[in-house]
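Below: the structure, in C-alpha cells.
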Amino acid sequence: MNKPDLRGISEILKVFKDPFRDKNAYKLGLVQNAWIEILGNQAFQKVRKFSLKGETLYVKCDSNSLRHELSMQKTRLVNAIQVKLGEEVNISEIILN
C-alpha cells in the first residue's frame with residue numbers, strides 16, 4: 001500500500017498564497033494588518049485610505065493630530081512595519097496626506 005503524501009500545513013498554505021504574493025491588494029492587506037498590530041485599531045480607523053506604489057506607502061489620515069504624530073515617527077514606523085512583514089513587502093518610505 002502506498003503511503004499518502006503528507007505535507008505540513010505551512011507548505012499547503014504557501015501553495016495557495018504564492019500566486020497572490022505579487023499582487024498589490026495582497027501586499028496592501030499585509031500592510032494594513034501590520035499597521036493595526038503596531039499602532040492599534042484606533043489609529044487604523046482614523047486612516048481614510050492606504051495605497052502602495054513601489055516601495056512607498058501613501059497614508060491619507062482623517063486626523064491632523066494623528067498625521068503630525070506619525071510624521072514625527074516615520075522612521076520608527078517604517079522599521080516596525082519592515083520587521084513585522086519581513087521580506088514579503090518592502091517599504092522604504094511613508095507619505096502622509
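Of note:
- Based on Cα contacts under 8 Å between residues 6+ apart, the chain shows a relative contact order of 27 percent.
- Taking every full run of DSSP H in the chain, the ones that stretch at least 15 Å from end to end by Cα along their long axis and average 0.0 or higher on the Kyte-Doolittle scale are 24-39, 74-85.
- Cα Rg over Rh - the chain, Kirkwood: 1.14
- Environment charge of residue 96, counting only residues whose C-beta is closer than 9 Å and scoring Lys/Arg +1, Asp/Glu -1: +3
- For the listed peptides 85-91, 26-32, a ranking on the average number of other beta carbons within 10 Å per residue, highest first, reads 26-32, 85-91.
- Spatially near lysine pairs across the range 6-97, Cα under 23 Å, sequence gap of 8 or more or different chains: 27
- Under 5 Å, built H, 5+ apart or other chain: amide partners of residue 95: 57, 58, 59
- The helix-only estimate of mean residue ellipticity at 222 nm for the chain, built from DSSP H runs of length n ≥ 4 each weighted as -39500 (n - 2.57), is -15500 deg cm²/dmol after division by the residue total.
Readers should treat all values here as calculations from the given coordinates under stated rules, not as data from a laboratory. Only a predicted model underlies this, so the values are computations on that prediction, with no experimental measurement involved. So basically every Cβ, Gly included, is an ideal-geometry build from the backbone, and we count neighbours across all protein chains shown.
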